[in-house]
Structures are given as structure tokens and as C-alpha cells.
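See structure below.
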Amino acid sequence: MDIDLKTIIKEQAQAVQIDLIGFAEAKDATEFLPMYQERIKNNHLADVGGVGELAKRLRVSDVMPEAKTIIAVGLSYHHPVAVRDQDLQSDKGIISVHVFQRDYHKIMQQKMQELVAKTDQITQQKYKYQTYCDTGVLDDRICAYRAGLGFFGKNNFIIHPELGSYLFLGHILTDLPIEAYDVPMANRCGECTSCIEHCESGALYGEYKLNPKRCISNLTQKKVLREEEKKRIGRHIYGCDVCQQVCPFNQRAKVSRHACFEPKVQDVYVSCDEIIGLGEAGFDGKYKDTALYWRGYDVIKRNAKIVKENIYSEEKDHE
């Protein structure tokens with residue numbers, strides 16, 4: 001019954017266009033505690049979106065004591081954007097491709113809720129469900145890894161052999177029992193260190209080693225930046241995709257079927273002056289339905305001004 005139910009849930013996930021789904025036992029992820037302890041020891045903690053007590057990110061029992069199963073899900077947002085010389089040789093800054101066009105939090109929640117509703121219809125029982133996408137206490141990547149959605153890459157992303165790492169991840173905690181849990185995927189990075197070699201800020205300082213305080217994506221979300229941090233963000237107005245762009249798995253990954261996540265070239269490479277001149281109303285009109293809107297216009301405008309100055313300094317250095 002349980003194995004058949006698992007198969008049926010996977011079929012329903014396909015019906016609502018969830019790309020990846022896996023099942024893990026809802027037990028505390030204590031095997032990852034040393035990783036968190038090392039980050040605490042080295043003060044390698046993210047400045048934005050952190051949890052006060054990091055160990056809580058591993059304790060399923062705190063979030064849902066009666067949980068038996070973690071259903072991890074993933075959506076691909078891989079839509080390659082061609083880099084144009086005129087964009088790199090202009091005053092344009094860069095916005096991460098994960099921003100467009102619809103806010104992935106809302107899309108993921110919608111699909112998880114649809115899956116829960118279909119599962120309820122099938123089981124005809126009152127199981128409990130809690131759905132999360134980048135908003136819960138538990139670590140989405142650890143949930144995805146334990147449920148077999150992919151392996152941890154050296155860039156600290158979950159990488160699927162066919163879909164790469166451009167994945168939005170979510171998880172469902174439930175007291176629905178599943179007997180045959182999925183198993184974690186073996187690492188396939190091999191000798192490749194391209195993500196480490198190309199990390200512009202030194203945030204990736206070794207294999208599987210990440211200092212979020214240096215990560216450009218983290219810096220572009222901070223409310224206050226020191227002078228050296230302003231220089232470190234380079235041309236990035238929001239987010240950073242470099243360690244994913246250079247990953248061989250992403251270079252041969254399948255293109256996403258979700259058109260709602262497809263960015264246009266002019267979305268990714270955007271004029272700093274355009275951002276600066278938007279104003280609150282213009283910002284709302286352009287970005288209200290996207291994943292950067294939560295950060296607010298003041299921070300995004302500040303970043304655009306910093307990027308413009310960085311580009312000016314870069315050009316002076318080459319004179």
C-alpha cells in the first residue's frame with residue numbers, strides 16, 4: 001500500500017508539473033551538524049535570511065513533532081541567457097536569472113498545495129501537511145539531498161545529473177507514512193573545481209566550503225555594505241549566478257518547461273540608470289511579481305548606484 005501510494009504521489013506530482021520529487025524519513029538531520037558547527041566556529045554565517053540557532057535547521061521534530069515523511073520537490077528554472085558583448089561593455093548591471101518572471105515562492109507553494117490536495121483525494125484520510133519553500137526553518141537543500149533529488153556540489157548547490165542546479169526547492173512535512181524512502185545521490189563532481197576557480201568574491205574557498213559573508217548574492221541583499229563589500233559585488237545588482245554558469249552539469253542541462261521562469265536578456269542585463277530612475281512606483285510596477293521585490297527599492301537602487309561606480313572605476317583602471 002505504501003509503495004503504491006508513493007508511486008501514485010509521484011504521478012500526481014508530474015500532473016502538476018513538479019520536475020523532481022523524493023521521499024525521506026522525517027528524522028533530524030544530525031549528520032549535518034558538524035558542517036553547521038564549522039560555520040559557526042569560522043563565523044561563516046549568512047547576513048540575510050539566517051536562523052538564530054542554526055541547529056534548528058536540522059531538527060524536523062521541532063517543526064512538526066508528528067511528522068513521518070519529508071516530501072522534497074524541485075522545479076527547474078534553467079533558461080539559458082546569451083551573454084552579449086554590448087551588455088558586458090556597457091553601464092549595465094546584472095540581475096540573477098532566478099528572479100524572473102514570476103516569484104518562485106508563490107509558484108512552488110501553489111504546486112505543493114495542488115499536490116497535497118490530490119494526495120488527500122487519493123488517501124481519503126486526514127493527514128497533516130506543512131509546505132515550505134525558502135521560508136521555513138529547515139534547510140531546503142538538506143531536505144532535497146536526503147530525499148534523493150540530487151547531490152551536493154562543490155558550489156554548495158543541489159545538482160541533478162540531468163536538470164543541473166538551477167532548481168527551486170521546497171519540502172512538505174507530513175504524518176503520512178512511506179515505507180520505501182529514497183536514498184541520497186552519490187556525488188558526481190569528480191575532479192572539477194570550476195565553480196571555485198570562477199567565484200569572483202572568494203566565497204567558495206575550497207571544495208564544499210562556503211563563506212556566505214563573502215558571497216555576492218548575500219551581499220546584494222544586505223541593508224548596509226562596507227566599502228570593501230561594495231567593491232566585491234562588481235556588476236551584480238541582485239544575486240549572482242557565476243558558480244552555476246560555469247558548472248558542466250548546467251551547461252548540458254535540460255531547458256526548463258516552465259515558461260513563467262524564463263528571463264529576457266534585458267531583464268538580466270539592466271541599465272543602472274534605469275533602476276536608479278524607477279522610483280518607488282516604477283519599481284513596484286516592474287518587479288512586484290518577482291523574487292527580488294521583497295528586498296525593497298532602496299536596497300536595489302543603492303546596489304545600482306554601487307555597480308555604476310564600480311563600472312566607472314573599472315573603466316578608469318583600463319585607461
One residue from Leu173, Leu149 being buried (at least 20 other Cβ atoms within 10 Å of the Cβ) and either of a type in the set (Asp, Glu) or assigned to a strand (DSSP E or B) (or both): Leu173
Pull out all pairs, ordered by first then second residue, where Cβ-Cβ is under 7 Å, the residues are six or more apart or on different chains, the first lies in segment 164-183 and is charged (D, E, K, R), and the second is modelled with pLDDT of 95 or more and outside any loop (DSSP other than H, G, I, E, B). Asp182/Gly22; Asp182/Phe23; Asp182/Ala24
Mind checking which residues of segment 218-267 are modelled with pLDDT of 95 or more, of a type in the set (Val, Ile, Thr) and within 16 Å of His79 (Cα to Cα)? Val242, Val246, Val255
Can you find, within segment 198-218, the residue that is nearest to the chain's Cα centre (by Cα) among those that are outside any helix (DSSP H, G or I) and among the polar types (S, T, N, Q)? Asn211
Boolean, Lys111 is modelled with pLDDT of 95 or more, basic (Lys, Arg) and not in a loop (DSSP other than H, G, I, E, B): yes
Residues located in segment 281-293, provided they are in contact with a helix residue (DSSP H, G or I) (Cβ under 9 Å, 6 or more places away or on another chain) and either outside any helix (DSSP H, G or I) or closer than 22 Å to Leu225 by Cα (or both): Phe283, Asp289, Thr290, Ala291, Leu292, Tyr293
Residue in segment 225-243 that is among the β-branched types (Val, Ile, Thr), under 17 Å from the mean Cα position of the chain (by Cα) and part of a helix (DSSP H, G or I) present: yes
Any chance you could count how many residues in segment 286-301 are touching a residue at least 40 places away in the same chain (Cβ under 8 Å) and under 18 Å from the mean Cα position of the chain (by Cα)? 6
Kindly check whether there is at least one residue in segment 131-141 that is in a helix (DSSP H, G or I), out of contact with any Ser or Thr (no Cβ under 9 Å at 6 or more places or on another chain) and not charged (D, E, K, R). no
Among the residues of segment 34-59, which ones are surrounded by 14 or more Cβ atoms within 10 Å (Cβ to Cβ) and either over 30 Å from Gln110 (Cβ atoms) or at pLDDT 95 or above (or both)? Met35, Tyr36, Arg39, His44, Leu45, Ala55
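The values are calculated or read from the model by the stated rules, or taken from the named source; none is laboratory data. Just so we're clear, the structure is a prediction, and the values are computed from it rather than from any experiment. Counting neighbours? That spans all protein chains shown, and the Cβs are built from the backbone with ideal geometry, glycine included.
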